[in-house]
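Here's the structure we're looking at; comments come further down.
The values are calculated or read from the model by the stated rules, or taken from the named source; none is laboratory data. Bear in mind that the values here come from a model prediction, so they are computed numbers and not experimental data. Heads up, the Cβs are rebuilt from the backbone with ideal geometry, glycines too, and the neighbour counts pull from every protein chain shown.
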Ligand code: IMP
């Protein structure tokens, strides 16, 4: 059996492959399909975006799909970047931040740090909604969260996205300083996946 991971984000593919390694399934990602088809993530919640991606790709490619929509939710920023996490730097919220950062991840991090300058309340969480959708027209979903705080400056070079500025609760290191297995054990996606795996294992053997 093949499952398509509805993402081109290498960091996510790495994590999701690891999370699915106990299933006897072949994992492919959007990078492996030859005919490109794009689904816009234009909904206002993680669940709606994940469901939209999983359903549209499953019906288009006629293959079971696992989609994750995830992001960083910062209390002091009124729950932003939220569903805008992937392209926060170009969103009008808080004004554009001019900096020398090259990658999208670096630009997003710079914007969060700039908006958080002098802010005492650094509470934040990562949220992930994962959806499995079968081309036969049914699906399963699960949600996971990882509580933590925004650091004053980036540390670590593992992981992806906002990992260098997110310190999980109970840790004195950032997510970007954790090995992939350790991150998957405590992360929003890891937690959402273990719930989804439990449901899936009753169906896929
Ligand atoms: P998505 O592909 O629309 O789900 O975008 C999610 C965005 O949220 C990513 O591009 C990252 O910026 C951020 N994000 C999601 N999960 C993580 C994570 O595990 N670590 C760091 N950033 C994450």
| request: Give me a count of the residues in region 1-29 that are within 13 Å of the ligand (Cβ to nearest atom) and under 16 Å from residue 130 (Cα atoms). | output: 14
| When region 144-175 is examined, which residues are found to be surrounded by fewer than 18 Cβ atoms within 10 Å (Cβ to Cβ) and closer than 21 Å to residue 195 by Cα? | 145, 147, 169
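For region 168-182, which residues satisfy the criterion of being within 12 Å of the ligand (Cβ to nearest atom) and at pLDDT 95 or above? Steps first, please.
So in region 168-182, the residues within 12 Å of the ligand (Cβ to nearest atom) come out as 168, 174-176, 178, 180.
Listed by number, the residues that qualify are 168, 174, 175, 176, 178.
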| query | From the residues in region 133-167 that are within 15 Å of the chain's Cα centre (by Cα) and in a strand (DSSP E or B), which one is nearest to residue 54 (Cα to Cα)? | reply | 141
| query | Condition test on residue 106, is it assigned to a helix (DSSP H, G or I), crowded, with 17+ Cβ neighbours inside 10 Å and out of contact with any strand residue (DSSP E or B) (no Cβ under 9 Å at 6 or more places or on another chain)? | reply | no
| Any idea which of (1) over 23 Å from residue 47 (Cβ atoms); (2) surrounded by 15 or more Cβ atoms within 10 Å (Cβ to Cβ); (3) touching a residue at least 12 places away in the same chain (Cβ under 8 Å) is the one residue 179 doesn't satisfy? | (2)
